[in-house]
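Read through the structure below, which is laid out as structure tokens, and then see the notes.
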Amino acid sequence: MRSEPVVQVQALVKRYGTKTAVDGLDLVARTGVTAVLGPNGAGKTTTVEICEGYRRPDSGTVRVLGLDPVTQGPALRPRIGVMLQSGGVYSGARADEMLRHVAALHAHPLDVDGLIERLGLGSCGRTTYRRLSGGQQRRLALAMAVVGRPELVFLDEPGAGLDPQARRATWDLVRDLRADGVSVILTTHHMDEAEQLADDVAVIDAGRVVAQGSPEELCRGGAENTLRFTGRPGLDVGSLLKALPANTSAVEPAPGSYRVTGTIDPQLLATVTSWCAQNGVMPDRISVERHTLEDVFLELTGKELRA
Ligand code: ATP
């Protein structure tokens, strides 16, 4: 299912004066949902705006649905949907009018009333854009991005600033788009959004992709995990360490509480339990703590996600 590249970026460079915002970035996004994560100023928006055709690269190659966004923009634009953070909307127009207007520009739009209902915009259809709340404006921007049934949609933090119910409706819509074969490039600062929605995550830092993979792959490969067990105090941790693979540590941080850190896989778990059996130790409790995407992000970029 994830075989088709929808976005291919090679050696992309973009400078603003002396500032290099994107610095030789390589990225392949395939069908499905790809989340682009990175700290503030990493170059996410610049990269995505180049893919959308809003900015020109200084060098490098960009293909979106096989097309060059600069030279083949007119052919590309009807096939993609873009959720803008702000702007691009006449503030005096009514929400439902705007959505119907965008729908009318496409050959096979989604049902406008159904979309309004799904995104909880039913009560504000007749309200002008400027009078909508921030969360309602974001939901309208999402609706406008998807109403034309694009093949690929670029979403910028679709769940940000929404109440829990609206957030869930938004995420459900993204899942349904994916199930309908629509590919999604999702820029987000929110780990839970990436974990919930993404097939693939690309972490961008200082203008480059520093890691890419499924959330599971990144959590498995990027950071060490921890196994904890409790037993009688004073066990011979040195002998446990000898049984464990290299690059694994074993300590007793508090009496009777043991911590093994490293790549925790089924084999390592078996080694620990078998060592316990050989030493007559019956662990009262044994647990494996997997690192979250947020831990991996911190490890890769050294920065908090919501800086
Ligand atoms: P954020 O998470 O804060 O939205 P980002 O990862 O999207 O950040 P970009 O907006 O692509 O990052 O910005 C990358 C760098 O380029 C930043 O240092 C930013 O200040 C700079 N930059 C972006 N747009 C411009 C511009 N129009 N003129 C000058 N510098 C810019």
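The values are calculated or read from the model by the stated rules, or taken from the named source; none is laboratory data. These figures come from a predicted structure and were not determined experimentally. Ideal geometry is used to build each Cβ from the backbone, glycine not excepted, and the neighbour counts take in all protein chains shown. Each accessible area value is taken on the protein alone, full model and side chains, heavy atoms only, with ligands, DNA and RNA left out. Shrake-Rupley method; radii C 1.70, N 1.55, O 1.52, S 1.80 Å.
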Any idea which residue in segment 204-218 is farthest from Ile185 (Cα to Cα), counting only those that are within 11 Å of the ligand (Cβ to nearest atom) and of a type in the set (A, V, I, L, M, F, W, C)? Ala206
Which strands (runs of 3 or more DSSP E) sit wholly inside segment 11-86 and have at least 1 residues that are open to solvent by 60 Å² or more (accessible area, probe 1.4 Å) and not β-branched (Val, Ile, Thr)? 19-30, 59-64
If you go through segment 59-79 one residue at a time, do you hit one that is at pLDDT below 95, within 20 Å of the chain's Cα centre (by Cα) and closer than 22 Å to Val184 by Cα? no
Kindly check whether there is at least one residue in segment 239-259 that is of a type outside the set (S, T, N, Q), at pLDDT below 90 and surrounded by 14 or more Cβ atoms within 10 Å (Cβ to Cβ). no
Return a yes/no flag: does segment 284-295 have any residue that is in contact (Cβ under 8 Å) with a residue 12 or more places away in the chain, more than 30 Å from His189 (Cβ to Cβ) and small (Gly, Ala, Ser). no
Exactly one of Val112, Val153 is of a type in the set (Val, Ile, Thr), within 16 Å of Thr170 (Cα to Cα) and surrounded by fewer than 22 Cβ atoms within 10 Å (Cβ to Cβ), and that one is Val112
